[in-house]
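Data block below; observations after.
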Amino acid sequence: MGLFDFLSDKGDKKPVQPTQPQTGSASDFFGNKTQPATGQPAAPAATQGETYTVVSGDSLSKIAKHHYGDAAKWHQIYDANKSTIGSNPDHIEVGQVLQLPKL
């Protein structure tokens, strides 16, 4: 037996395991809830009155566009979160948890 007899490009052949359970609530990369059967987004968070955690690259208008379908509704998010955001609506920070009001 030689040295190369111990090396193999086959690796351990194991079946692929799903990363998420097939039943129950699931979420996408950003933690937004999706429907388990379809993987499609659940009802918009805006209609559920939930929270949203700010990620890198977010702005209030991007969040409003994603959750309400209209970027101009960023004012409603700002009004509901003035105590968290402060006096400058352009300055939101990664990790801030914002309340998304029902419209």
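The values are calculated or read from the model by the stated rules, or taken from the named source; none is laboratory data. The model shown is predicted, which means the values in this text are computed figures rather than measured ones. Positions of Cβ are generated from backbone atoms using ideal geometry, with glycine treated the same way; all protein chains shown enter the neighbour counts. Keep in mind that these areas ignore ligands, DNA and RNA; they rest on the heavy atoms of the full protein, side chains included. Shrake-Rupley method; radii C 1.70, N 1.55, O 1.52, S 1.80 Å.
Within the stretch 75-93, how many residues are under 12 Å from residue 52 (Cβ atoms) and open to solvent by 40 Å² or more (accessible area, probe 1.4 Å)? I'd like the intermediate steps shown before the answer.
So in the stretch 75-93, the residues under 12 Å from residue 52 (Cβ atoms) come out as 77, 80-81, 84, 92.
Checking the rest, the ones that are also open to solvent by 40 Å² or more (accessible area, probe 1.4 Å) come to 80, 84.
Within the stretch 75-93, residues that are under 12 Å from residue 52 (Cβ atoms) and open to solvent by 40 Å² or more (accessible area, probe 1.4 Å) number 2.
So which residues in the stretch 48-96 are in contact with a His (Cβ under 9 Å, 6 or more places away or on another chain) and in a helix (DSSP H, G or I)?
60, 64, 73, 77, 85
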